[in-house]
Amino acid sequence: QVQLGESGGGLVQAGGSLRLFCAASGGMFSTLAMGWFRQAPGKAREFVGGIMRGSINTRYGDSVKGRFTIARDNDRNTVYLQMNSLKPEATADYYCAASNLPDAATQERDYDYWGQGTQVAVSS
């Protein structure tokens, strides 16, 4: 059973940056595609970014393209989400997810394991 733990959330001013971390355990991390989702209060969960098992292919949600970067370190069983030029609408709980599919899926239903989430708040 794969377990995921997010960290790195916090409060930041608009225009600032944060890096989120997701540590994985209990499985073969290198065989998993990884993704980040977020859920703002009262809204549906939204795809933020994903990275395939081999780190070759990444995908991003339209609202974060050009500002967020997802990366992984298979030696450390960790996936990162670098968030730059943050906007107040980025305020949400951010969730790390792992998929047994090889590619970076964009739908929640394609992910098999989920972390508990980390809070990000962006002040204006």
Förster radius 25 Å - calculated FRET efficiency between S85 and K43, Cβ distance, rounded to 0.05 | 0.75
How large is ³J(HN,Hα), in whole Hz, for each residue of region 31-36 in order, when computed from phi with the Karplus curve 6.51 cos²θ - 1.76 cosθ + 1.60 and θ = phi - 60°, using x for Gly and Pro?
-> 8, 9, 7, 10, x, 10
The answer for K87, listing residues at least 5 apart or on another chain whose modeled amide H is closer than 5 Å to its amide H, is G15
What is region 41-121's relative contact order, in percent, from Cα pairs under 8 angstrom and six or more apart in sequence?
-> 28
In region 71-124, which trypsin sites (Lys or Arg not before Pro) are in a loop and have at most 14 other Cβ atoms within 10 Å, using DSSP for the loop call?
-> R76
Round to a whole number: what % of the accessible area of the chain belongs to carbon and sulfur, probe 1.4 Å?
-> 45
Per residue accessible area of the chain, 1.4 Å probe, in Å² = 51
Near-label residues of region 57-98 by backbone N, under 17 Å of a point 7 Å along Cα→Cβ of Q13 | 84-89
Total formal charge among the other residues, if their Cβ is under 12 angstrom from that of R38, Lys/Arg +1 and Asp/Glu -1 | -3
Show the residues, 5+ positions off or on another chain, whose built amide H is closer than 5 Å to the amide H of Y113.
-> A98
Please work out the Cα center distance from region 1-41 to region 99-124, rounded to the nearest Å.
-> 7
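The values are calculated or read from the model by the stated rules, or taken from the named source; none is laboratory data. Because the structure is predicted, anything quoted here is derived from the model rather than measured. Cβ sites come from the backbone with ideal geometry, for glycine too, and all protein chains shown count toward neighbours. The protein model used for the area step is the full one, side chains on, heavy atoms only, and it has no ligands, DNA or RNA in it. Shrake-Rupley method; radii C 1.70, N 1.55, O 1.52, S 1.80 Å.
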